[in-house]
Every structure is written in structure tokens, then in C-alpha cells.
Amino acid sequence: MSVSEQQAKASINEALSSFAKGKLADNARNLFFTLGYRSDRTSQFSPNTSDNFIASFDIDHKLNSQKALLEEWLSVDFLFQFTGTEIADNDQFVEFDTSSGESAFFTSYLFFAIALRRSA
């Protein structure tokens, strides 16, 4: 294992360990940044409730609340938006095919952190 691989694993381990303390959203952003997902496209999402999440992001009512376990959500935080610009700069993602069809509507990823009532 190379030195850079060891450093990367140590950074990931440190980012994962940080979840034991501090704010979930900050720790989640830090973990994604450590993994190479960087974006300045973020904003406050308030109140950070499942009801507000649904009102803001499930306009077409496609989310299955039972499968999503909404009753288990303590909070949901918007972390950042990953757009075509960030995707092009990150070799972990395949760029969107906007040539035709439904995929033409999807041009970014939204990342959220959800705190759950139960630990397991």
C-alpha cells in the first residue's frame, strides 16, 4: 500500500470517527469532501423536517413514505448539490446523457444527511 493510499484511508477513518460528536450535516459534508465530492452549492434547509423535505423535493409525490421510513427521521439536512460542472471534474461519476428521453431532466445530484431515531 502506497503512502498516499495510507493517508487517504487515515483521512476517511478520521472523517467517519467524527460522527461520534459534532453536527451530522458538518460531519457528512466532511466525509463526502474527503471522498472527493466537492461542491460549494449548498444552502440552509429549514426547518430540516421530513415534512419540509417532502414539500420541497417531492412535488410529484413519488416518495414512498413507508419505504423511506419517514417516521424514523429525526432531521434531514441538505448537504450540497453536485452539478454537471462538478461531475465533469470528478472521474467517479458518469456524465449525464442529455441527448433524449427522461434523463435530459436530470443534471445534478442532491446530497442529504438524515438523522434517524434508532441507532440500528
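Loop-located trypsin sites (Lys or Arg not before Pro) across segment 32-80 with a Cβ neighbour count of 10 or fewer within 10 Å are Lys62, Lys67, with loop assigned by DSSP. Number of Lys-Lys pairs in segment 1-87 under 29 Å by Cα, sequence gap 8 or more or different chains? Lysine pair count for segment 1-87: 4.
Label-to-label distance for Lys9 and Lys62 is 3.9 nm, based on points extended 7 Å past Cα in the beta-carbon direction.
Since every read-out is calculated from the coordinates, none of them should be taken as a lab result. Being a predicted model, the structure only gives us computed values, none of them experimental. Here the Cβ is made from the backbone with ideal geometry for all residues, glycine too, and neighbour counts use every protein chain on show.
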